[in-house]
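Trainee: I'd like to ask some things about the structure below.
The values are calculated or read from the model by the stated rules, or taken from the named source; none is laboratory data. Fair warning: this is a prediction, and the values are worked out from it, not measured in the lab. Heads up, the Cβs are rebuilt from the backbone with ideal geometry, glycines too, and the neighbour counts pull from every protein chain shown.
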Amino acid sequence: MYDNVYMKIETPDQVMHWFMNEVQKLWPVAKGSFGLRKNTCVRSNCNACASGKGHPVHTLHIGTKDRNTSIYVPEDMAVVVEKAVSNCRELERLMMLAGERFIKALKVERVRRKK
């Protein structure tokens, strides 16, 4: 997905422009865990709940330092939210690659200044 062909000499500015260009392609993003779970309802004579089948519900699970929470995701939004979670994972990979390229560019720049 990313241009892994490193330029011979890349400046920190070039790395920044490359990164910003790649980030734009990754919208929407959502950090968390997306899943389908089966909930029970409040009706006392529900056949689905009585049979153990339950009611399928999509949720986005978000964990922070202070608390964990789940957000209900309507069926018609499930595909978009699943893509957003996938894009977040791609963004994390992209940041690791950008960090590597940025540090290499800084080192090259430092050597150039010393000459």
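Quick grid of which residues meet (1) out of contact with any strand residue (DSSP E or B) (no Cβ under 8 Å at 6 or more places or on another chain); (2) modelled with pLDDT under 95:
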site	(1), (2)
Q14	yes, yes
V29	yes, no
V57	no, yes
N68	no, yes
E75	no, yes
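Trainee: Go through the range 91-115 residue by residue and tally those that are under 18 Å from K31 (Cα atoms) and in contact with a helix residue (DSSP H, G or I) (Cβ under 9 Å, 6 or more places away or on another chain).
Mentor: Going residue by residue through the range 91-115, those that are under 18 Å from K31 (Cα atoms) are 91-96.
Filter once more, keeping what is in contact with a helix residue (DSSP H, G or I) (Cβ under 9 Å, 6 or more places away or on another chain): 91, 94-95.
Summing the residues that are under 18 Å from K31 (Cα atoms) and in contact with a helix residue (DSSP H, G or I) (Cβ under 9 Å, 6 or more places away or on another chain) in the range 91-115 gives 3.
Trainee: Something else: Sort out for me the strands (runs of 3 or more DSSP E) sitting completely within the range 21-112 that have 3 or more residues that are surrounded by 12 or more Cβ atoms within 10 Å (Cβ to Cβ) and not aliphatic (A, V, I, L, M). Working first, answer last.
Mentor: Working: elements: 33-39, 55-63, 68-73.
Fully inside the range 21-112 and qualifying: 33-39, 55-63.
Trainee: Considering only the range 53-95, state which residues are within 30 Å of W18 (Cβ to Cβ) and polar (S, T, N, Q).
Mentor: Hits for the range 53-95 are S86, N87.
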